[in-house]
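The values are calculated or read from the model by the stated rules, or taken from the named source; none is laboratory data. Keep in mind the model is a prediction, meaning the values are calculated, not measured. With ideal geometry, Cβ positions are generated from the backbone for all residues, glycine too; neighbour counts draw on all protein chains shown. Just the protein is used for accessible areas: all its heavy atoms, side chains included, with ligands, DNA and RNA removed. Shrake-Rupley method; radii C 1.70, N 1.55, O 1.52, S 1.80 Å.
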Amino acid sequence: MSDTEEKKVPTRASAMERVQLGLAKRRRKEERFRKLSFSAVILSLSFLVLLFASIISNGWPAFQRTDILLDIHFDSEVLDVDSLVKANYGKLVKQSMRELLPDVTSRHNKREMYRLVSSGASYELQKMVVADPTLIGKTVSLWLPADDLPDMLMKGKINRNLPETERPISDKQIQWIDQLIAQGRLEQHFNTTFFQAGDSREPELAGIRGALTGSMLTLFVTLLLSFPVAVAAAVYLEEFAPKNRWTDLVEVNINNLAAVPSIVFGLLGLAVFLNFFGMPRSSPLVGGVVLSLMTLPTIIIASRASLKAVPPSIREAALGVGASKMQTVFHHVIPLAMPGMMTGTIIGLSQALGETAPLLMIGMVAFIVDIPGSMTDPSTVLPVQIFLWADSPERAFVERTSAAILVLLMFLISMNGLAIYLRRKFEQRW
């Protein structure tokens with residue numbers, strides 16, 4: 001073997017070794033990247049599970065309410081048939097409590113005993129008697145709402161082993177609660193009030209029906225205004241508008257509006273719709289108009305993407321058989337692009353459902369007890385209701401806040417699930 005051949009062999013061997021080392025190094029990098037990616041996914045899922053576990057553990061007790069069984073005597077001396085609305089129903093509750101715990105005699109102890117029953121018990125008795133005056137003179141056993149302190153004690157939110165000075169409920173009240181539990185007169189039932197009542201200063205009487213109704217009315221106005229306008233704008237820009245500087249400027253502004261902070265739309269609604277046009281403050285009508293402005297860019301962008309996804313051959317075939325430009329668009333292109341448009345609309349509405357900042361600017365943060373009956377009635381929405389309850393000093397509002405978050409998340413997940421279902425069911429793959 002010549003000297004030249006002897007020199008080539010180690011050279012080739014060293015080149016192969018370098019290639020093998022390079023490949024091994026690249027595989028190690030790929031393996032590290034896969035592990036880091038997997039770790040990031042696991043970490044994200046862990047935080048998500050922790051978040052949901054925290055919300056569910058805090059909010060689930062709100063779906064249960066502590067009730068106390070009282071034998072209410074609808075005394076005819078207290079209830080005047082001519083003024084049933086103004087009668088002293090609290091006196092009937094106090095009389096029943098005195099009969100239930102006859103050993104309580106001092107005035108101070110009676111006041112503490114009366115606090116075991118919610119102030120809403122009087123309103124429930126009022127509604128019953130107004131609806132059925134024949135109850136006057138009868139004695140009826142009724143489950144009435146307990147106060148928030150017995151409710152929190154029953155749910156384990158108050159540690160009874162702490163000294164009396166360190167908890168909001170006294171030893172005597174705990175003794176009476178244990179006595180009522182032993183008699184079967186203090187139990188936990190499903191909290192229908194949470195879904196049937198509006199807001200209240202008392203946690204045990206607070207519900208989400210008013211906020212839920214306001215959210216639905218606001219979303220209806222948003223859908224009514226944003227969907228046709230956004231689809232029409234997308235169809236014009238994609239199918240009919242000439243390509244010039246004007247349309248380029250419009251497209252750039254649409255994309256920029258999609259990134260504008262939501263509170264800016266609230267300031268616009270405050271300045272234009274409330275101060276200039278004088279529309280009713282804190283109403284679903286104004287909230288829907290503001291949210292429709294915020295949702296328009298999202299729906300326009302999604303609709304244009306759906307129109308672009310329709311193959312040009314569809315348009316060419318329609319034009320080839322004699323269809324006009326208008327017929328091609330409305331008879332062929334839009335029906336094929338509609339699933340994508342509906343998906344974008346639902347996603348935009350779910351985004352609007354969770355917005356709080358723009359609605360705070362137009363006054364929908366007000367304390368509203370009544371259930372709104374129309375689009376012009378004062379109301380609030382579910383995210384704002386959550387904000388109000390989270391800011392309340394009463395500890396019992398913590399579980400109401402988490403329960404309202406659960407309801408809001410349920411609606412958001414349902415709307416996004418509907419969008420995915422519609423996309424998979426009607427989407428055409430070209």
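Counting only protein heavy atoms and using a 1.4 Å probe, the accessible area of residue 314 comes to about 40 Å². Potential lengthening of the chain between residue 224 and residue 324 amounts to 33.1 nm, from the contour at 0.36 nm per residue minus the alpha-carbon distance.
The label point for residue 338 and the one for residue 91, both projected 7 Å from the Cα toward the Cβ, are 6.5 nm apart. Near the amide H of residue 146, within less than 5 Å, lie the amide hydrogens of 66, 67, 68, 118, all on another chain or at least 5 residues away, with H placed in the peptide plane.
Each residue of the stretch 170-187 was assigned a 3J(HN,Hα) from its phi angle through the Karplus expression (A = 6.51, B = -1.76, C = 1.60, θ = phi - 60°), giving 7, 5, 5, 5, 4, 5, 5, 5, 4, 5, 5, 5, 5, 7, x, 10, 9, 9 Hz with x at Gly and Pro. In this calculation the C-beta distance from residue 201 to residue 260 is compared with R0 = 35 Å, giving a FRET efficiency of 0.45.
Note on residue 29: no lysines have a C-alpha under 23 Å away, same-chain residues under 8 apart excluded. Evaluate the Debye formula for the stretch 299-361 with equal point scatterers sitting on the alpha carbons, no solvent, and hand back log10 of I(q)/I(0) at q = 0.19 Å⁻¹, in q order, two decimals. Here the Debye-derived log intensity ratios amount to -0.71.
Rounded to the nearest 10 square angstrom, residue 160 shows an accessible area of 100 square angstrom against a 1.4 Å probe. Please work out the C-alpha center-to-center distance from the stretch 195-254 to the stretch 108-183 and express it in whole Å. Answer, in whole Å: 44. Within the full protein context, the accessible area of residue 115 is estimated at about 130 Å² for a probe radius of 1.4 Å.
Counting only DSSP beta bridges with both residues in the chain, the antiparallel share comes to about 100 percent. Put a dot 7 Å past the Cα of residue 33, heading toward its Cβ, do the same for residue 253, and the two dots end up 4.3 nm apart. Note that the stretch 389-400 has calculated 3J(HN,Hα) couplings of 5, 5, 8, 7, x, 5, 5, 5, 6, 4, 6, 5 Hz, one per residue in order, obtained from phi through the Karplus relation 6.51 cos²θ - 1.76 cosθ + 1.60 (θ = phi - 60°); glycine and proline are x. Sorting 277, 411, 367, 330 by solvent-accessible area of protein heavy atoms yields 277, 330, 367, 411, largest first, with a 1.4 Å probe.
When the Cα atoms of the stretch 369-427 are aligned to their principal axes, the ranges along those axes come out at 49, 30, 12 Å in descending order. Counting only the Cα atoms, the stretch 173-332 fills a convex hull of 204 Å³ per residue.
Distance from the C-alpha centroid of the stretch 266-304 to that of the stretch 311-366: 19 Å, rounded to the whole angstrom.
The convex hull around the C-alpha trace of the stretch 116-198, projected and averaged over every direction, spans 7.0 square nanometres. By the rule of a C-alpha distance below 27 Å, with chain neighbours fewer than 8 residues away ignored, the lysines paired with residue 110 are 86, 91, 94, 127, 138, 155, 157, 172. Ignoring aspartates and glutamates fewer than eight residues from residue 308 along the same chain, the ones with Cα atoms less than 16 angstrom from its Cα are 238, 239, 251, 316, 427. Rounded to the nearest 500, the 222 nm mean residue ellipticity of the chain from helices alone is -20000 deg cm²/dmol, with -39,500 (n - 2.57) taken per DSSP H run of at least 4 residues. Based on protein heavy atoms only, the chain ends up with 55 Å² per residue of surface accessible to a 1.4 Å probe. With θ taken as phi - 60° and the Karplus curve 6.51 cos²θ - 1.76 cosθ + 1.60 applied, the whole-hertz 3J(HN,Hα) list for the stretch 145-155 is x, 7, 5, 5, 5, x, 5, 5, 5, 5, 8 Hz, x standing for glycine and proline. Taking Lys and Arg as +1 and Asp and Glu as -1, the other residues whose beta-carbon sits under 14 Å from that of residue 252 total +1.
Between residue 76 and residue 128, take the C-beta separation as r, use R0 = 25 Å, and let me know the FRET efficiency to the nearest 0.05. Efficiency, rounded to the nearest 0.05: 0.95. Here the calculated FRET efficiency for residue 272 and residue 53, from their Cβ-Cβ distance with R0 = 60 Å, stands at 0.90, rounded to the nearest 0.05. Is the shape of the stretch 271-381 best called rounded, prolate or oblate, per the rule: a/c under 1.5 gives rounded, else a/b larger than b/c gives prolate, else oblate, with a ≥ b ≥ c the square roots of the Cα gyration tensor eigenvalues? Since a/c reaches 1.5 and a/b is larger than b/c, the shape of the stretch 271-381 is classed as prolate.
Taking a ≥ b ≥ c as the square roots of the eigenvalues of the Cα gyration tensor, the stretch 109-247 is prolate, since a/c reaches 1.5 or more and a/b is larger than b/c.
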